[in-house]
Amino acid sequence: MKKLANRNIELIALLGFLAAVGPLSIDTYLPSLPTISDTLGAATGAVQLSVSAFFFGLACGQIFCGPLSDRFGRRPVIFIGFGIFVGASIACALATHVTALIIARAIQGLAASASPAAGRAVIRDVWSGNQAARAMSFVVMVMSVAPLIAPLMGGQLLTWFGWRSIFWMLALFGFASIVLVQLRLPETNGPERRSGVRLGAYFRAYGLILSSTRACAYLVCGGLASSVMFAYITGISFVYIDLFGVQPKYFGFLFSINVIGLVLGNWFNSRFVLRHGYHRLLGGGLAVMACGTLALLVSVLIADGGLIAIVATLFIAISPISMVMANAMSGLLNLFPGNAGGASALFGVAQFGFGALAGVAVGALFTGTPVPMAGVMTFCAAGAVLAYGVLRSMHSPQADLQMPD
């Protein structure tokens, strides 16, 4: 029993480390966006597109990575994904034009999609129901170390070695992940579970999942909640650095405040999800997120409180997002245990597809104030709450407490 528990702990830690590829790829280079704009002679909106390009790559890649991991196994998909990620990171480091950077970032995101798509399916292979939600929370808690240290690391690399060193570091992370996958990641979707099924059947599963109103409601909840995060990620470096004059090397300290909130949200979820169920905690997290984004919008519209008000309201808005994501994902996977890879892929498409659109909106509406960022965040939060209203009308929260674990 103790050996089994240790194996589960190791698996959670490993999945958290591999899933950190997303936060590391995004958060390490956020402090460098203004510098990249100056170095490459590109407009602010064009550089912000490199953020959205990564999100689009993550979204599109998961369309294929989920079914491929269902058909050929989790390990090969993750292994190949990190191999491509290393090459794309090197291309980013060598880019001399913003267009080349945007294209390389899109490929980098496409490759990075293998880890979350197949990794979430690994969780569903091993756990189910509220236990899966709890395991998901622990994985996100481990992964949350990445966004906690990433902007601090990125700021220091930028200060001492320039922005290109950030992408060389990402290439090194990708190589280390390849080694760990080869040596320590077990195959949880063995041949006995996938024999006799053709790849096309996994893609047809998308139609089955999307035909479910409950599944779509979970997808919209998770997708729009992640859009709140990605709108914040796209706009915050210019708000802090350009508008408030925060030095890039100190950007990470302000960014880390919200990461701590995300960790606390995950801890709260792992602590109470078995008692109250993922559906009820999903609604609570969405309510807090919506209140925080509305408070942020009011604060920037009346220009009262300055940097302190923005930091405080962002903390309220961002902290519950990881809890929302874990519970929305668990609700979706619980509907389709036989198509965990496909369901996980669609969740990733919603998460990063909506997130990319939110990032594009922030860049397109950029006016030199925090208002576009706050407005997009509030709009997305409101949409997520409406989707939960649809979900609640079709589902009793008490059912979560009765599901087998």
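All of the numbers you see were taken from the coordinates with simple rules; none came from a lab. Just so we're clear, the structure is a prediction, and the values are computed from it rather than from any experiment. Cβ placement follows ideal geometry from the backbone for every residue including glycine, while neighbour counts extend to all protein chains displayed.
Charge dipole of the chain (Cα centre as origin; +1 on each Lys and Arg Cβ, -1 on each Asp and Glu Cβ, all else neutral): 1060 debye, rounded to the nearest 20.
What is the gain in length, in nm to one decimal, between residue 213 and residue 176 on full extension, counting 0.36 nm per residue of separation less the C-alpha to C-alpha distance?
Gain on stretching residue 213 to residue 176: 9.3 nm.
Just to be sure I understand: if I project the alpha-carbon convex hull of the stretch 63-202 onto a plane and average over all orientations, what area do I get in nm²?
Numbers: hull surface 39.0 nm².
Projected area, direction-averaged: 9.8 nm².
Taken about its Cα centre, the stretch 143-284 carries a charge dipole of roughly 460 debye when the Cβ of each Lys and Arg holds +1 and the Cβ of each Asp and Glu holds -1. When the chain is treated as a GNM, springs tying every alpha-carbon pair under 10 Å, which of 82, 138, 336 comes out with the largest mean-square fluctuation? Maximum among the listed residues: 336. Taking 118, 312, 146 in turn, the Gaussian network model of the chain (Cα-Cα springs below 10 Å) assigns the largest fluctuation to 312.
The shape of the stretch 249-360 comes out prolate: with a ≥ b ≥ c from the C-alpha gyration tensor, a/c is at least 1.5 and a/b beats b/c. Among 167, 226, 151, flag the residue with its Cα farthest along the positive direction of the charge dipole of the stretch 114-256, charges on Cβ as +1 for Lys/Arg and -1 for Asp/Glu. Ranked along the dipole, the leading option is 226.
Coupling constants for the stretch 181-187 follow from the phi torsions by the Karplus curve (6.51 cos²θ - 1.76 cosθ + 1.60, θ = phi - 60°), and in residue order they are 4, 5, 9, 10, 8, x, 8 Hz; glycine and proline get x. Taking a point 7 Å out from the Cα of residue 244 in the direction of its Cβ, the residues of the stretch 262-296 whose backbone N falls within less than 15 Å of it are 296. Normalising by residue count, the stretch 205-274 has a Cα convex hull of 127 Å³ per residue.
Computed from label points 7 Å out along Cα-Cβ, the spacing between residue 204 and residue 303 is 6.1 nm. Estimated from helices alone, the mean residue ellipticity of the chain at 222 nm is -28000 deg cm²/dmol (sum of -39500 (n - 2.57) over DSSP H runs with n ≥ 4, per residue).
Sorted by mean Cβ packing within 10 Å, highest first, what order do the peptides 382-388, 326-332 take? Walk me through the numbers on the way to the answer.
On the way: 382-388: 20.1, 326-332: 29.9.
The peptides rank, most packed first, as 326-332, 382-388.
Translational diffusion coefficient, Stokes-Einstein: compute it for the chain using the Kirkwood radius over C-alpha pairs as Rh, at 4 °C and 1.567 mPa s, and state it as an integer in µm² s⁻¹. Taking Rh from Cα pairs, D becomes 62 µm²/s.
Length gained on full extension, residue 193 to residue 257, computed as 0.36 nm times the residue gap minus the Cα-Cα distance: 18.7 nm.
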